[in-house]
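Asker: Below are the structure tokens for one structure; questions will follow.
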Amino acid sequence: MKIAKRIMQGSEKNYGMFDKAARRFGNDPDVIHLELGKPFSDTPLSIKQAAADALMRGDVHYSDFQGLRELREALAEKLVRQNKLDVTADDVLVTNGLTHASFASFFALVDEGDEVIMLAPYYPQHIGKIEMAGGVPVFVDLKKDDDFSIDIAAIEASITKRTKIIVLVNPSNPTGRVHTREELQQLADLAIRHDLVVFADEVYEDILYGEAQHISIGALPGMKARTVSMYAFTKSYAMDGWRIGYLTAPADMMPALMKITTSDVTHVNTFIQAGALAAITGPKHILDDLIEIDRKKRDVVVDALNRMPGVRCTLPAATMYAFADIRATGIASQTLAEMILESARVVVESGSFYGTAGEGFLRVCFSGNAQETLIEGMRRLDAFFTDLQRTPQ
Ligand SMILES: Cc1ncc(COP(=O)(O)O)c(C=O)c1O
């Protein structure tokens with residue numbers, strides 16, 4: 001079959017160590033998977049019940065293309081209260097997860113040859129969407145030795161006449177970093193100065209630990225008209241398989257977004273939206289309880305990593321990832337991840353999967369397993385790094 005050039009251009013879709021592990025060990029239950037960003041908890045019962053009730057009472061038909069009005073009202077209320085965004089239900093579009101929100105947004109704005117700046121290490125799954133829309137991803141490194149803070153001068157130096165969008169993943173996957181108000185203000189000033197749009201992927205906004213505070217860049221002065229803010233129930237509410245998220249975009253972009261989403265999915269599954277409504281209007285402790293489970297796992301994993309020879313890991317302020325510095329081993333991250341798979345039967349993601357800026361690091365997801373499995377994973381990793389130190393490379 002002669003596949004359309006638009007689809008084939010650019011990089012091949014890469015599933016990283018997940019793919020390597022599957023090809024090497026299939027479904028072997030002895031392999032411990034710490035590479036996927038997948039919640040372990042079940043979706044809270046009240047949310048499942050609301051979706052099941054909607055299904056059973058017959059909410060099985062076509063509904064509002066933009067998303068159920070009641071859900072959009074509740075989401076707008078949350079966006080105003082929590083994210084300090086100046087929006088109404090008319091500015092909200094319900095989508096099939098953040099993947100769909102970002103896909104529609106890239107297709108709505110990217111013209112052939114437009115450049116899209118991604119801060120690296122980056123979330124790789126945005127690349128294919130940019131390329132299929134005809135755009136060119138441009139990678140700008142975060143400051144590796146300054147806790148992956150944003151390098152405004154480097155972004156400014158990479159801007160050309162074709163630059164249209166900056167993608168900001170905040171809190172960041174893979175680094176676990178939450179960007180400060182000062183960083184965001186500088187990025188906002190730069191976007192305004194160069195007339196750029198910011199795509200804010202805020203899928204980890206709720207998974208914050210301790211005193212960490214997340215600020216939505218779309219709430220900063222002058223940013224409303226140039227920010228698409230994207231969210232999902234995926235990570236916060238352990239609803240990754242439900243496929244539901246939402247975005248808010250400037251009003252003049254909504255017709256284009258709706259043209260895309262009514263063409264690809266018509267609208268998001270009607271009774272699934274009842275579950276999302278229960279999540280967003282439900283008691284806050286549901287979210288807090290889920291995050292507390294992750295916090296405990298984070299502490300176990302980061303503490304264990306820091307005891308391993310050749311490994312250093314800062315405590316992530318957010319997300320479900322520990323981004324461990326393995327530069328002291330002198331081994332490239334992909335090689336090391338493959339060695340770990342082979343000898344420890346543990347799958348971690350190489351930092352270089354997130355771009356060359358991630359070289360020297362491994363990403364370990366602490367959310368996706370039961371505590372006992374995580375502890376066993378850490379035991380195996382510890383044995384691996386201890387052996388590595390003893391064996392001259
Ligand atoms: C930064 C980031 N954006 C988007 C997604 C995808 O979200 P969804 O499953 O809601 O499409 C993920 C999932 O890992 C992610 O880490």
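Asker: How many residues are within 15 Å of the ligand (Cβ to nearest atom) and at negative phi if we restrict to region 224-238?
Answerer: Qualifying residue count for the region: 10.
Asker: Quick one: Gly210 ticks every box in (1) within 16 Å of the ligand (Cβ to nearest atom); (2) in a loop (DSSP other than H, G, I, E, B) except a single one, so which number is it?
Answerer: Looking at each condition in turn, Gly210 falls short on (1).
Asker: Would you point out the residue of region 324-342, among those that are of a type in the set (Val, Ile, Thr) and within 23 Å of Asp30 (Cα to Cα), that is surrounded by the most Cβ atoms within 10 Å (Cβ to Cβ)?
Answerer: Ile340
Asker: Within region 124-136, how many residues turn out to be in contact with a strand residue (DSSP E or B) (Cβ under 8 Å, 6 or more places away or on another chain) and either surrounded by fewer than 21 Cβ atoms within 10 Å (Cβ to Cβ) or assigned to a helix (DSSP H, G or I) (or both)?
Answerer: Here the count works out to 5.
Asker: Considering (1) out of contact with any Phe, Trp or Tyr (no Cβ under 6 Å at 6 or more places or on another chain); (2) farther than 22 Å from Lys38 by Cα, say which one Ile260 fails and leave the rest.
Answerer: Looking at each condition in turn, Ile260 falls short on (1).
Asker: Run Thr314 past the list (1) part of a helix (DSSP H, G or I); (2) among the polar types (S, T, N, Q); (3) surrounded by 15 or more Cβ atoms within 10 Å (Cβ to Cβ) and report the number of the one that doesn't hold.
Answerer: (1)
Asker: Restricting attention to region 149-185, and to residues there that are among the hydroxyl-bearing types (Ser, Thr, Tyr) and outside any loop (DSSP other than H, G, I, E, B), which single residue is nearest to the ligand (Cβ to nearest atom)?
Answerer: Ser149
Asker: Take Pro137 and decide whether it is in contact with a Gly (Cβ under 9 Å, 6 or more places away or on another chain) and within 13 Å of the ligand (Cβ to nearest atom).
Answerer: Criteria not met by Pro137.
Let's see how each residue does on (1) polar (S, T, N, Q); (2) more than 16 Å from the ligand (Cβ to nearest atom); (3) outside any helix (DSSP H, G or I); (4) more than 22 Å from Gln66 (Cα to Cα):
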{"residue": "Gly222", "(1), (2), (3), (4)": "no, yes, yes, yes"}
{"residue": "Thr266", "(1), (2), (3), (4)": "yes, yes, yes, no"}
{"residue": "Ala279", "(1), (2), (3), (4)": "no, no, no, no"}
{"residue": "Asp288", "(1), (2), (3), (4)": "no, yes, no, yes"}
{"residue": "Arg295", "(1), (2), (3), (4)": "no, yes, no, yes"}
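Asker: What number of residues within region 186-206 satisfy the criterion of being within 16 Å of the ligand (Cβ to nearest atom) and either in a loop (DSSP other than H, G, I, E, B) or hydrophobic (A, V, I, L, M, F, W, C) (or both)?
Answerer: Here the count works out to 8.
Asker: Can I ask one more? From Lys296, Lys284, which residue is over 25 Å from Ser149 (Cβ atoms), touching a residue at least 24 places away in the same chain (Cβ under 8 Å) and surrounded by fewer than 17 Cβ atoms within 10 Å (Cβ to Cβ)?
Answerer: Selected residue: Lys296, the only one of Lys296, Lys284 that is over 25 Å from Ser149 (Cβ atoms), touching a residue at least 24 places away in the same chain (Cβ under 8 Å) and surrounded by fewer than 17 Cβ atoms within 10 Å (Cβ to Cβ).
Asker: Does Ser102 qualify as being assigned to a helix (DSSP H, G or I), polar (S, T, N, Q) and under 24 Å from Gly176 (Cβ atoms)?
Answerer: Considered against the rule, which asks whether it is assigned to a helix (DSSP H, G or I), polar (S, T, N, Q) and under 24 Å from Gly176 (Cβ atoms), Ser102 comes out as yes.
Asker: Do you know which residues across region 333-357 are assigned to a loop (DSSP other than H, G, I, E, B) and touching an Asp or Glu at 6+ places or on another chain (Cβ under 7 Å)?
Answerer: Arg345, Val348
Asker: Take the residues in region 313-357 that are out of contact with any helix residue (DSSP H, G or I) (no Cβ under 8 Å at 6 or more places or on another chain) and within 16 Å of the ligand (Cβ to nearest atom); name whichever of them is farthest from His126 (Cα to Cα).
Answerer: Per the stated criteria, the residue is Ala317.
Asker: For region 239-264, which positions are within 13 Å of the ligand (Cβ to nearest atom) and either touching a Leu at 6+ places or on another chain (Cβ under 6 Å) or closer than 15 Å to Ser102 by Cα (or both)?
Answerer: Arg243, Ile244, Gly245, Tyr246, Leu247 - these are the residues of region 239-264 that are within 13 Å of the ligand (Cβ to nearest atom) and either touching a Leu at 6+ places or on another chain (Cβ under 6 Å) or closer than 15 Å to Ser102 by Cα (or both).
Asker: Here is a follow-up. Mind checking whether some residue in region 52-70 is assigned to a helix (DSSP H, G or I), crowded, with 18+ Cβ neighbours inside 10 Å and of a type outside the set (S, T, N, Q)?
Answerer: yes
Asker: Between Ala101, Ala120, Ala153, which is free of Cβ contacts under 8 Å to residues at least 24 places away in the same chain and either closer than 22 Å to Leu287 by Cβ or of a type in the set (A, V, I, L, M) (or both)?
Answerer: Ala153
Asker: Of all residues in region 21-40, count the ones that are in contact (Cβ under 8 Å) with a residue 40 or more places away in the chain, surrounded by 14 or more Cβ atoms within 10 Å (Cβ to Cβ) and not basic (Lys, Arg).
Answerer: The total comes to 11.
Asker: Among the residues of region 89-109, which ones are over 16 Å from Lys78 (Cβ atoms) and within 14 Å of the ligand (Cβ to nearest atom)?
Answerer: Of everything in region 89-109, those that are over 16 Å from Lys78 (Cβ atoms) and within 14 Å of the ligand (Cβ to nearest atom) turn out to be Asn96, Gly97, Thr99, His100, Ser102, Phe103, Ala104, Ser105, Phe106.
Any read-out appearing in this document is the output of simple, stated calculations on the displayed coordinates, not a laboratory observation. Worth saying up front: this structure is predicted, and the values here are computed from it rather than measured. Every residue, glycine as well, gets a Cβ built from its backbone with ideal geometry; the counts of neighbours run over all protein chains shown.
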